[in-house]
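Q: The structure under discussion is supplied below as structure tokens; questions concerning it will follow.
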Amino acid sequence: MDVNMRISGLVSGIDVDQMVKDLMKAERIPLNKLYQQKQYLEWQRDAYREVNSLLLSLRDAALNLRLSQTFKGRKVTSSNENLVTATAAAGASSISYTIQKVSQLASAAYKISAGSLSKSASQKIDPAKSLYAQMDLLANGDKIDWKMGGYVKETISLASPANTVELSHLAGNVKWDAESIENMEIIVNGKTYRVVTDPGQLNDQTVYLDLSGEKAKLQFNTAIQGSVQAGYFVNELKKEFTVPQGGGSVFSLSPYTELTGNVITVRDKDGNEKTFTVVTGKDAPDAGEVLFDSATGRLTFSESLAEGSVFSVGYQTRYFSFGIQTYNEQGEAVKDIITVDASASLNVIISEINKSSAGVVAVYDSFTDQITLTRAKTGNFNNNPAEYGGQEIVTIGAFLNDVLQFGGVPEYGGENAKFMINGLETERFANSFTIDGVTFTLKGTFDAAQTGSPVTISVTTDVDAVYENIKAFVDKYNEIITKINAKLLEKRYRDFPPLTDEQKKEMKEQEIQLWEEKAKSGLLRSDPILSGALNSFRLALYGKVENASVPEEYKFLFNIGITTSTDYSERGILVIDEKKLKEAIEKNPDAVYNLFAATGQTDSEKGIAQRLTDSVDRAMNAIYEKAGKAYWTEDQYTIGRILDDLNDRIDRFEDRMMKIEARYYRQFTAMEQAILRSNQQSMYLMQMFGGYFAQ
């Protein structure tokens with residue numbers, strides 16, 4: 001290309017680059033105007049979008065006024081907060097309650113173990129250590145009914161509804177004695193089923209344990225779906241080991257276990273097998289032996305097993321089960337069976353009790369060496385004396401009744417709150433209860449018949465809260481129209497167009513900032529969209545609400561003390577007469593609510609907040625059509641389409657500038673070449689004439 005053959009004043013001595021640059025400045029004047037026009041439109045688009053953000057916050061404020069809870073705040077007062085307090089939900093009625101007496105507060109049932117868990121006060125059990133390891137320290141440790149076998153807990157997910165669910169263990173391995181069946185747990189989607197071994201007892205509350213096939217199965221009366229949680233007992237547990245990287249000779253089971261076999265067969269990755277004989281009571285195993293320590297559950301082989309080898313071990317754990325039963329608000333029994341193995345400490349057992357569905361909290365006191373069991377809820381849920389004597393906490397099993405010594409101990413508490421309200425004597429399970437949206441909390445007992453002073457609970461409209469909600473809307477409206485008015489009146493400085501990149505290079509940062517403040521001023525001056533929006537807002541606010549739900553004396557905003565400022569310079573901001581507004585709220589809060597939130601088919605029927613919301617929506621949509629949204633493409637809105645066209649014109653102009661610049665360089669190159677030829681001819685003539693005169 002010609003550009004690559006430029007001669008920049010080498011012959012003529014002219015600074016060609018500077019001359020071309022100066023010539024191009026003049027050529028770029030129309031292009032710079034296009035760039036300035038583009039920048040101005042981008043600023044204007046962003047200014048519109050800022051206004052839309054303001055309008056969105058105004059829309060949210062208007063929406064809040066359309067919510068009933070904004071106007072239905074309730075204030076509750078008690079004539080004696082030492083005895084009764086109350087709170088009210090937004091929808092509660094304005095009403096007074098009289099509580100003539102509280103004869104009894106609700107209390108949670110609790111039991112205290114009969115005596116110390118340990119045999120000796122000088123050598124108490126350690127609640128963090130295994131109970132099995134401290135049997136000789138327990139006062140009644142011999143009463144723990146240890147079983148041999150294992151407890152399996154598994155969750156079975158069903159792909160489709162089914163009546164039959166297969167367990168993971170073989171039927172012959174599942175224990176089915178009466179105690180094991182009684183302590184089995186089958187839960188389906190939160191519902192507990194009682195296990196039976198007689199298919200004739202199968203119903204919607206029971207599940208039949210079928211041990212007739214190879215695998216143990218659960219048979220339900222109707223198809224179930226979801227997941228099944230099964231807890232059951234087996235004669236033997238199995239664990240498979242894979243030798244880790246680098247090999248190894250020591251492996252572990254749970255402490256206090258017993259192996260069910262005398263040999264362990266190990267198979268390496270190549271399929272080769274080697275049998276080791278199980279021995280106990282030795283310091284170390286001999287060749288071909290594996291030493292088992294029951295107390296620790298450790299298996300020590302006589303040699304290191306190769307990486308990737310596998311072997312399986314059958315074993316039994318020591319375990320026991322116990323149960324806790326409580327009652328729900330319907331008086332139905334809630335029973336939870338807890339099973340722990342020999343490694344469990346007292347702390348672990350207490351944690352299992354506290355996590356159970358029975359809703360009981362167990363606490364061990366190391367000073368007295370005793371345990372308490374307390375219902376998590378207050379109240380009397382078991383009203384049937386024939387059902388464990390009406391006890392709220394029923395302890396089941398030798399561990400709770402004999403070892404922890406809860407058998408036969410008295411139960412305290414477990415009483416309902418008893419009170420008289422508006423002349424009606426009634427009860428509740430808890431000291432806090434709700435009546436018609438008002439939540440009462442009983443704090444002490446009293447009898448107005450003796451003291452002459454009942455407790456009065458008054459529920460009234462929270463005038464201050466409603467006032468603050470309306471004031472928040474008015475403040476937001478004033479803030480936004482003030483900002484929009486400022487944009488409409490902002491002066492336009494036409495002598496400060498957007499700066500070009502070349503101009504910015506010649507200016508300091510602060511100078512650029514000051515210039516652009518002037519250049520951005522007045523982007524939305526006298527804008528018809530914003531002017532129309534403000535007029536629409538004023539009509540929405542000041543018009544009469546022609547709706548049957550709004551009484552005549554509440555039809556206008558000024559009826560409740562909200563008027564326009566008399567200061568013309570404030571350009572329509574709202575002013576609140578606090579006293580008048582609070583009086584209107586107190587007198588008829590529903591009418592104030594409907595003044596703002598009434599719905600209707602026409603604008604005149606709609607409440608002020610509804611009309612304002614519609615006006616804001618129209619203004620926002622008009623701005624969207626003009627300036628779009630951040631994620632819109634440029635062909636979706638007016639300014640975007642203009643910008644798109646400007647970009648095309650700029651691209652074409654840039655191409656033209658490149659061609660003009662190339663032409664200038666070609667012309668100067670031709671000039672240089674002509675000068676060069678002229679100089680060469682001059683030199684030739686001088687040489688010729690010089691030789692002639694020399695002769």
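Q: Go through (1) under 27 Å from GLU583 (Cα atoms); (2) crowded, with 17+ Cβ neighbours inside 10 Å; (3) in the same structural domain as ALA609 (by TED's automatic domain parsing) one by one and return the number of the condition ILE480 breaks.
A: (1)
Q: Among the candidates LEU534, LEU530, LEU524, single out the residue that is modelled with pLDDT of 90 or more, more than 30 Å from ASP436 (Cβ to Cβ), within 42 Å of the chain's Cα centre (by Cα) and in a loop (DSSP other than H, G, I, E, B).
A: LEU524
Q: Hey, another quick one. Do we have ALA465 as farther than 19 Å from LEU541 by Cα and either modelled with pLDDT under 95 or assigned to a loop (DSSP other than H, G, I, E, B) (or both) here?
A: It is true that ALA465 is farther than 19 Å from LEU541 by Cα and either modelled with pLDDT under 95 or assigned to a loop (DSSP other than H, G, I, E, B) (or both).
Q: Check off (1) surrounded by fewer than 15 Cβ atoms within 10 Å (Cβ to Cβ); (2) at pLDDT 85 or above; (3) of a type outside the set (A, V, I, L, M); (4) over 30 Å from ALA61 (Cα atoms) for SER682 and give me the number that stays unchecked.
A: Just one mismatch for SER682, condition (2).
Q: VAL20: touching a Gly at 6+ places or on another chain (Cβ under 9 Å), surrounded by 14 or more Cβ atoms within 10 Å (Cβ to Cβ) and of a type outside the set (Lys, Arg), yes or no? Talk me through it step by step, then tell me what you get.
A: Values: touching a Gly at 6+ places or on another chain (Cβ under 9 Å): no; surrounded by 14 or more Cβ atoms within 10 Å (Cβ to Cβ): yes; of a type outside the set (Lys, Arg): yes.
Spelling it out, it is not the case that VAL20 is touching a Gly at 6+ places or on another chain (Cβ under 9 Å), surrounded by 14 or more Cβ atoms within 10 Å (Cβ to Cβ) and of a type outside the set (Lys, Arg).
Q: Give the residues of region 607-622 that are more than 16 Å from SER57 (Cα to Cα) and either surrounded by fewer than 23 Cβ atoms within 10 Å (Cβ to Cβ) or without any contact (Cβ under 8 Å) to a residue 24 or more places away in the chain (or both), sorted by residue number.
A: Within region 607-622, ALA622 is the sole residue that qualifies.
Q: Can we say SER343 is under 30 Å from TYR232 (Cβ atoms), in a loop (DSSP other than H, G, I, E, B) and touching a residue at least 24 places away in the same chain (Cβ under 8 Å)? Break it down into steps so the answer makes sense when it comes.
A: Values: under 30 Å from TYR232 (Cβ atoms): yes; in a loop (DSSP other than H, G, I, E, B): yes; touching a residue at least 24 places away in the same chain (Cβ under 8 Å): yes.
So SER343 passes the test.
Q: Regarding LYS269, is this residue modelled with pLDDT under 95, within 44 Å of the chain's Cα centre (by Cα) and not acidic (Asp, Glu)?
A: So LYS269 fails the test.
Q: Restricting attention to region 441-465, which residues are over 30 Å from the mean Cα position of the chain (by Cα) and among the hydrophobic types (A, V, I, L, M, F, W, C)?
A: LEU442, PHE446, ALA448, ALA449, VAL455, ILE457, VAL459, VAL463
Q: State all residues of region 346-372 that are in a strand (DSSP E or B) and more than 17 Å from LYS129 (Cα to Cα); if no residue qualifies, say none.
A: Selection gives VAL360, VAL361, ALA362, THR372.
Q: Please identify the pairs in which a residue from region 551-563 that is over 11 Å from ILE576 (Cα atoms) and of a type in the set (Gly, Ala, Ser) has its Cβ atom under 6 Å from the Cβ atom of a residue that is in a loop (DSSP other than H, G, I, E, B) and modelled with pLDDT under 90, counting only partners at least 6 apart or on another chain.
A: Within 6 Å, no pair qualifies.
Q: Anything in region 493-535 that is within 25 Å of VAL51 (Cα to Cα), surrounded by 14 or more Cβ atoms within 10 Å (Cβ to Cβ) and among the basic types (Lys, Arg)? List them, or say none.
A: The answer is LYS518, LYS520.
Q: Could you tell me how many of the residues in region 42-80 are touching a strand residue (DSSP E or B) at 6+ places or on another chain (Cβ under 9 Å) and either farther than 30 Å from ASP617 by Cα or not charged (D, E, K, R) (or both)?
A: Within region 42-80, residues that are touching a strand residue (DSSP E or B) at 6+ places or on another chain (Cβ under 9 Å) and either farther than 30 Å from ASP617 by Cα or not charged (D, E, K, R) (or both) number 9.
Q: Right, next: With respect to TYR208, is the statement that it is at pLDDT 95 or above, closer than 25 Å to ALA162 by Cβ, in the same structural domain as ALA342 (by TED's automatic domain parsing) and not basic (Lys, Arg) true?
A: Yes, satisfied.
Q: So, in region 400-434, exactly how many residues are of a type in the set (A, V, I, L, M, F, W, C) and more than 15 Å from ILE112 (Cα to Cα)?
A: 8
Q: Let me ask you something else. Based on what the data block shows, is ALA448 small (Gly, Ala, Ser) and modelled with pLDDT under 90?
A: In short, no.
Q: If I ask for residues that are of a type in the set (Val, Ile, Thr) and under 27 Å from GLU329 (Cβ atoms), which ones from region 99-126 would you list?
A: Correct list: ILE99, VAL102, ILE112.
Q: Let me ask something additional. Out of everything in region 217-261 that is polar (S, T, N, Q) and closer than 11 Å to GLN316 by Cβ, what residue ends up being farthest from the chain's Cα centre (by Cα)? Even if it seems obvious, please write down each step before you answer.
A: Let us first name the residues in region 217-261 that are polar (S, T, N, Q), namely 219, 221-222, 225, 227, 229, 235, 242, 245, 249, 252, 254, 257, 260.
Filter once more, keeping what is closer than 11 Å to GLN316 by Cβ: 235, 254, 257, 260.
Numbers: ASN235: 45, SER254: 39, THR257: 44, THR260: 50 Å.
Ranking the candidates gives THR260 first.
Q: Next question, about the same structure. Is there a residue being over 27 Å from ALA47 (Cβ atoms) and not assigned by TED's automatic domain parsing to the domain that holds ALA540 anywhere in region 591-607?
A: The first filter runs over region 591-607 and keeps only residues over 27 Å from ALA47 (Cβ atoms), leaving 591-607.
In the following step, the residues that additionally are not assigned by TED's automatic domain parsing to the domain that holds ALA540 were identified as none.
No: region 591-607 contains no residue that is over 27 Å from ALA47 (Cβ atoms) and not assigned by TED's automatic domain parsing to the domain that holds ALA540.
Q: Would you confirm whether any residue within region 632-639 is surrounded by 16 or more Cβ atoms within 10 Å (Cβ to Cβ), closer than 30 Å to LYS25 by Cα and either among the charged types (D, E, K, R) or out of contact with any Lys or Arg (no Cβ under 6 Å at 6 or more places or on another chain) (or both)?
A: no
The values are calculated or read from the model by the stated rules, or taken from the named source; none is laboratory data. Quick caveat: nothing in here was measured; it's all calculated off a predicted structure. Backbone-built Cβ (ideal geometry, glycine too); neighbour counts: all protein chains shown.
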